[in-house]
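> I have a structure I would like to understand better, so I am pasting it below and will then ask my questions one at a time.
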Amino acid sequence: MRPAGRPRRGRDHLPCRRPARDAAQGPDVSVEQPAAATAWQRWRQALEVYRDRRQLVVLAMGFSSGMPFLLSGSVLSYWMATEKVDLTTIGIFGLVGLPYALKFAWAPLVDRLPLARLDRQLGRRRSWMLVAQVGILISTLLLALSNPVEGPGLTAFAAVLVAFFSATQDIAVDAYRIEILDDDEQGAGAATTQLGYRIALWIVDALALLLPSLVSWPVVLSMIAALALVGIVTTFVADEPQSALPPAPTATGWLKEAVIRPFAEFLAYRGWVVILLFALLYKYGDALGGSMARPFYVQMGFTGPEIFGVTKSFGVATTILGGLAGGVLVARYGIFKSLFIGGILQAVTNLLFSWQAEAGHDIVVLTIAISADNFTGALGGVAFIAYLSSLCTKGMAGTQYALLTSLMAFGRTALSAGGGWLAAHTGWTVFWILTTLLAIPGLLLLLWLWHATQKETPPSSAKEG
């Protein structure tokens, strides 16, 4: 979200008030090369970005972000279900994830407020990451000490704390990734983040689904809490970005710099309302389907081990491949073309679940549907993250990125709350067709943004696609 007339180099992005400079124009090539050799060189250059040490740090930070996510979602609801808590209470407990949708409210603090001695020793980004990671560790241990049957209040309080510290960590980690990587590395950084994130989800889900039959839930949750050490260690060994802005000297100056300026820069974009709607709707169809996936599998007659076997083997493998493919696609073709390809694919693959609804209990169809859906969802997700990252100004990335991802969380939670009602009244076959159609508004908004960018960017600086 940089001021008008200051676009990032080599990056297709939403136009500002003034046309972009001729920043993406490459060097003049006077000697023709064979087309095949040139294409291979481009692909090899696109892959080279993954060899940077900073990508390894981003991978570990992605893992740290993914580790607590399920503790306020599917792991919590599964734990409560195994303890025979009624469905109404389980549904109400879904509200503990609201900090993810509200994190933009305290993002300015994470962006600009120095944490005294920690800030001097670690820097702005790493000091906030450390505080959040320690908070995740402690609140997860508190969750392990609670009992959703005998003391649901403590369980809810601990789960809200986990979500709060997790959302706070996301603000700092997202800003760190945006600031530590160059503009042309953001696509690969998004892919690496998704890879680490998905690995963490797989491990946490495996512990939560497979171990409770062998050990108690407090032991399981304590083991999950120990995974927070990955982020804590990484924070200490990582380098601090150099672009974080210094704190404002006065309260008024702080308010202006930390709160007003980040949002003012966003409002400098022509079509900022469209950006917000796009952030809300691009993955809405996918999110609505995802919110009802587990109940759908159960109604199709699949057992827990069958669901785990497919989702955590084929599903994870194809998610990783899709994330890596998305990073290469962004590096090779640019963000908007990658967003469009990913958006179409992730919508169409939802139709495979309509096939599943007609086929019933068929493990082969389930494997195909989950594999395709995870691959395309990860591919589109990487392009989406890269696009949102490209809109952020370094030094204010935490606040700006939190605003955009809060809209994603709102679509995943509040707007998806009616998924059960919709499935019950239309049937599963029609439900999955509707999730495909619900992707259309986001794609139309994408076309508007793409067209606006091509219209206002000089031909010499426009990227391919």
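The values are calculated or read from the model by the stated rules, or taken from the named source; none is laboratory data. Keep in mind the model is a prediction, meaning the values are calculated, not measured. Positions of Cβ are generated from backbone atoms using ideal geometry, with glycine treated the same way; all protein chains shown enter the neighbour counts.
> Could you list, ordered by first residue, the pairs with Cβ atoms under 6 Å in which the first is in segment 165-188 and under 11 Å from TYR100 (Cα atoms) and the second is surrounded by 24 or more Cβ atoms within 10 Å (Cβ to Cβ) and aromatic (Phe, Trp, Tyr), at least 6 apart or interchain?
That search, which allows pairs on different chains as well, returns nothing.
> Continuing with the same structure: Only one of (1) of a type outside the set (Ser, Thr, Tyr); (2) within 22 Å of GLY196 (Cβ to Cβ); (3) not in a helix (DSSP H, G or I) is not met by PHE302, so which one is it?
(2)
> Any idea which residue in segment 55-68 is surrounded by the fewest Cβ atoms within 10 Å (Cβ to Cβ), counting only those that are in contact with a Leu (Cβ under 7 Å, 6 or more places away or on another chain) and closer than 16 Å to LEU161 by Cα?
Among them, the one singled out is GLY66.
> Checking GLU185 against (1) surrounded by fewer than 24 Cβ atoms within 10 Å (Cβ to Cβ); (2) under 18 Å from ILE232 (Cα atoms), which single condition isn't satisfied?
(2)
> Being modelled with pLDDT of 90 or more and not polar (S, T, N, Q) is the filter here, so list the residues in segment 60-88 that pass it. Quick ask: steps written out before the conclusion?
Looking only at segment 60-88, we keep the residues that are modelled with pLDDT of 90 or more, and these are 60-69, 71.
Result: ALA60, MET61, GLY62, PHE63, GLY66, MET67, PRO68, PHE69, LEU71.
> Test GLN356 against the criterion of being surrounded by 24 or more Cβ atoms within 10 Å (Cβ to Cβ) and either touching a Cys at 6+ places or on another chain (Cβ under 8 Å) or among the polar types (S, T, N, Q) (or both), and give yes or no.
Values: surrounded by 24 or more Cβ atoms within 10 Å (Cβ to Cβ): no; either touching a Cys at 6+ places or on another chain (Cβ under 8 Å) or among the polar types (S, T, N, Q) (or both): yes.
So GLN356 fails the test.
> Kindly provide the set of residues from segment 212-224 that are in contact (Cβ under 8 Å) with a residue 12 or more places away in the chain and either of a type in the set (S, T, N, Q) or closer than 18 Å to GLU306 by Cβ (or both), ordered by number.
PRO212, SER222
> For segment 267-288, name all the residues that are among the basic types (Lys, Arg) and surrounded by fewer than 23 Cβ atoms within 10 Å (Cβ to Cβ).
Of the residues in segment 267-288, the ones among the basic types (Lys, Arg) are 270, 283.
Hit for segment 267-288 is ARG270, nothing else.
> Right, here's the next one. Criterion first (in contact with a helix residue (DSSP H, G or I) (Cβ under 7 Å, 6 or more places away or on another chain) and at pLDDT 65 or above) does PRO114 satisfy it?
Yes: the conditions hold for PRO114.
> Something else: Residue check: is GLY123 modelled with pLDDT under 80 and either of a type outside the set (Gly, Ala, Ser) or farther than 19 Å from PHE63 by Cβ (or both)? If you could, list the steps in order and put the result at the bottom.
Values: modelled with pLDDT under 80: no; either of a type outside the set (Gly, Ala, Ser) or farther than 19 Å from PHE63 by Cβ (or both): yes.
Against the criterion (modelled with pLDDT under 80 and either of a type outside the set (Gly, Ala, Ser) or farther than 19 Å from PHE63 by Cβ (or both)), GLY123 does not qualify.
> Quick check on segment 309-326: of everything there that is more than 16 Å from GLY381 (Cβ to Cβ) and buried (at least 17 other Cβ atoms within 10 Å of the Cβ), which residue is farthest from the chain's Cα centre (by Cα)?
Per the criteria, the residue is VAL310.
> Another one. If I ask for residues that are crowded, with 21+ Cβ neighbours inside 10 Å and either in a helix (DSSP H, G or I) or not assigned by TED's automatic domain parsing to the domain that holds GLY323 (or both), which ones from segment 338-351 would you list?
Hits for segment 338-351 are SER338, LEU339, GLY342, GLY343, GLN346, ALA347.
> Also, quick follow-up: Among VAL149, VAL204, VAL162, which is part of a loop (DSSP other than H, G, I, E, B), under 30 Å from VAL219 (Cα atoms) and not hydroxyl-bearing (Ser, Thr, Tyr)?
VAL149
> Look at ALA132 and say whether it is small (Gly, Ala, Ser) and at pLDDT 85 or above.
Yes.
> Could I ask something else about it? Could you check segment 211-238 and list, in sequence order, the residues that are within 18 Å of THR155 (Cα to Cα) and β-branched (Val, Ile, Thr)?
Correct list: VAL219, VAL220, ILE224.
> Another question about this same structure. Would you be able to tell me the number of residues in segment 382-395 that are of a type in the set (Gly, Ala, Ser) and modelled with pLDDT of 90 or more?
Of the residues in that region, 1 qualify.
> If SER127 satisfies all but one of (1) touching a residue at least 40 places away in the same chain (Cβ under 8 Å); (2) within 27 Å of PRO108 (Cβ to Cβ); (3) small (Gly, Ala, Ser), what's the number of the condition it fails?
Result: SER127 passes all but (1).
> Only one residue in LEU339, LEU345, LEU324, LEU351 is touching a residue at least 40 places away in the same chain (Cβ under 8 Å), in contact with a Ser or Thr (Cβ under 8 Å, 6 or more places away or on another chain) and not acidic (Asp, Glu). Which one?
Among LEU339, LEU345, LEU324, LEU351, only LEU351 is touching a residue at least 40 places away in the same chain (Cβ under 8 Å), in contact with a Ser or Thr (Cβ under 8 Å, 6 or more places away or on another chain) and not acidic (Asp, Glu).
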